[in-house]
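> This is the structure I have questions about; it appears just below.
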Amino acid sequence: MADYGEMIKGDKLVLRGLKFHGYHGVKPEERKLGQKFLIDIDAWMDLRAAGKSDCLSDTVSYTQIYRIVKDVVEGPPQNLLESVAELIASTTLANHPQISTVRVQVGKPHVAVQGPVDYLGIEIVRYRSTEAQN
C-alpha cells in the first residue's frame, strides 16, 4: 500500500483491513453470488483538540466511518470498484466536515487471474477543496 505521509501532512484516522461481502462487479456471477471486499481508509483531520481534551466529541469516531464503508459495500451494487471508492469518499467528506482529505483503497481478493495474488484493487484520494490537487 502507498504511504501518503510524505504527500499529505498532518494527523489522520486510520482504518485497515475492513472486510465486507458485497455484490459489486460487471459479471453476472459477481452480482448473484457476491464476494469479499477489503477496504483501507485514511481520513486526514486535525486531532490536536481530541488529543488535549480526551473527548470523543473533538474527533470523528472510527465507528462512524466504519458504518459508511459497511453501508456502501453492503449496499446497492456498483459495476466498478472506482464507484464503490468514490461513494465511500464522497459520503465521508459530506458527513464529516472536519475531514480534509480521504484515501480509500478497495481490494478484491478473489479475482479471475492466472496466478497467485493477495488482491487486486484501486485507490483514490479525495480532497475537500475544489482546487485540483493532482
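The values are calculated or read from the model by the stated rules, or taken from the named source; none is laboratory data. Please read all numbers here as calculations on a predicted model, not as lab measurements. Cβ atoms come from the backbone with ideal geometry, glycine included; neighbour counts cover every protein chain shown.
> So, in the stretch 47-99, exactly how many residues are among the small types (Gly, Ala, Ser), within 15 Å of the chain's Cα centre (by Cα) and surrounded by 13 or more Cβ atoms within 10 Å (Cβ to Cβ)?
Qualifying residue count, the stretch 47-99: 5.
> Sort through Val102, Val125 and tell me the only one that's at pLDDT 95 or above, under 18 Å from Lys12 (Cα atoms), hydrophobic (A, V, I, L, M, F, W, C) and touching a helix residue (DSSP H, G or I) at 6+ places or on another chain (Cβ under 6 Å).
Selected residue: Val102, the only one of Val102, Val125 that is at pLDDT 95 or above, under 18 Å from Lys12 (Cα atoms), hydrophobic (A, V, I, L, M, F, W, C) and touching a helix residue (DSSP H, G or I) at 6+ places or on another chain (Cβ under 6 Å).
> Filter the stretch 44-80 down to residues that are of a type in the set (A, V, I, L, M), under 16 Å from Ser90 (Cβ atoms) and in contact (Cβ under 8 Å) with a residue 40 or more places away in the chain, then give me how many there are.
Adding up the residues that qualify gives 5.
> A further question follows. Would you be able to say whether some residue in the stretch 6-26 is modelled with pLDDT under 95, more than 18 Å from Arg128 (Cα to Cα), loosely packed, with under 13 Cβ neighbours inside 10 Å and of a type in the set (A, V, I, L, M, F, W, C)?
yes
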